[in-house]
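Only one structure is covered here, and it is reproduced in the block below.
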Amino acid sequence: GAPAGPSAGSDWATVSPDGTMVSKTEVMACPFVAEPLMDGELDSIEVEEIWESTVGEGFMVDQTLFVAFWEAIDDLFEDDEEDEGVPVGAGGSGAAGGVDEGYEAAL
């Protein structure tokens, strides 16, 4: 099934309902960029570096470039989530251990 939550495709459809190119300003106003910036999880320098590494010097993006930028931003947070993982048993409750065992069995 499709992953829960926002996706590059759904964000692209929101910012470009007609599928035409969009400006950097429009992309930067999307929640996947604007919310982490407001929350302090991203800073504008990081965003600019990611824009330059995925889009280059341009100020207009098509869907392909938008998705590349979206995925680069998304990858930052996937790494953070892995780094912040709680070790098995760290919670000290038996229930958490049962959940972890079930999760491992499902892999």
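Here are the numbers for this structure:
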| item | result |
| --- | --- |
| Qualifying helices (runs of 4 or more DSSP H) (wholly inside the stretch 9-65; at least 3 residues being within 18 Å of Leu76 (Cα to Cα) and among the aliphatic types (A, V, I, L, M)) | 31-39, 44-54 |
| Of residues in the stretch 22-69 being aromatic (Phe, Trp, Tyr) and open to solvent by less than 90 Å² (accessible area, probe 1.4 Å), the one farthest from Ser10 (Cα to Cα) | Trp51 |
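The values are calculated or read from the model by the stated rules, or taken from the named source; none is laboratory data. None of these values were measured; they are calculated from a predicted model. We work out accessible area using only protein heavy atoms, side chains counted, and drop any ligands, DNA or RNA first. Shrake-Rupley method; radii C 1.70, N 1.55, O 1.52, S 1.80 Å.
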